[in-house]
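One structure is given below, encoded as structure tokens.
The values are calculated or read from the model by the stated rules, or taken from the named source; none is laboratory data. All values reported here derive from a predicted model rather than from experimental measurement. Using ideal geometry, Cβ is built from the backbone for each residue, glycine included, and neighbour counts are taken over all protein chains shown.
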Amino acid sequence: MQTSLIVRTIGWLWFAAAVLAGHFLLLQRLSPPAIQGILFGLTALLLAAYFRVQFLRTWIDALDLRALVAFHLTRFVGIYFLYLYNRGELPYGFAVPGGVGDIAVALFALVVIFAPFSAATRQRAISIWNVVGFIDILMVVLSAIRINVAEPSALRALTYLPLSLLPTFLVPLIIATHVVIFVQLSRSAAAQ
């Protein structure tokens, strides 16, 4: 119970800080490499906490894998990417592949969470989903880096709310949960 309260409190404080950073347009004051640095730094911090803080790892490992997969329903944000592309606010090379990929991963997550699979089939489905989802998020991040190098202003929509929450909150959690799921699946396979 205590660990849950600590994790939730830190999560809400982090979310509030990310919202404030977006509200005050702090990301617009940074160069694009700094924004990627924030994303990778937060991801590294999350993974370091998981691997080094025993009570946190124990709490996360006790969660049903479907709870970690359910977090990825946030990837329906891909619909918003497509909307912004239609309005000319995001470039095709980021919005369409990233949007379609995220929507597909979120739909696949719904299947993995709610389909009446046996335990073994669900584990295989989560494993396949995790590989697909991890590759998709890496491709989105690499696409953003490539576009930022070529034309930094093209992804300006990622520097203010609501999309500023992607590099400062959502994407680090998405990448970290994929890694955690890989770790838990490998432990489970080793135990069998």
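Kindly check whether there is at least one residue in segment 100-109 that is outside any helix (DSSP H, G or I) and not acidic (Asp, Glu). Give the steps one after another, and end with the answer.
If we filter segment 100-109 for residues that are outside any helix (DSSP H, G or I), which is where we start, we get none.
No, because not a single residue in segment 100-109 is outside any helix (DSSP H, G or I) and not acidic (Asp, Glu).
Restricting Leu13, Leu84, Leu20, Leu68 to residues that are at pLDDT 95 or above and within 14 Å of the chain's Cα centre (by Cα) narrows the list to Leu68. Restricting Val131, Val149 to residues that are out of contact with any Lys or Arg (no Cβ under 8 Å at 6 or more places or on another chain) and within 21 Å of Ala44 (Cα to Cα) narrows the list to Val131. A Cβ distance below 8 Å, combined with a sequence gap of six or more or placement on separate chains, defines the contacts here; from segment 163-188, residues that are under 15 Å from Leu42 (Cβ atoms) and in a helix (DSSP H, G or I) reach residues that are modelled with pLDDT of 95 or more and of a type in the set (Lys, Arg) in the pairs Ile174/Arg75.
Considering segment 150-192, the residues that are β-branched (Val, Ile, Thr) and farther than 18 Å from Asp136 by Cβ include one that is surrounded by the most Cβ atoms within 10 Å (Cβ to Cβ), namely Thr168. Restricting attention to segment 71-99 and to residues that are without any contact (Cβ under 8 Å) to a residue 24 or more places away in the chain and exposed (fewer than 15 other Cβ atoms within 10 Å of the Cβ), the residue that is farthest from Ala150 (Cα to Cα) turns out to be Tyr83.
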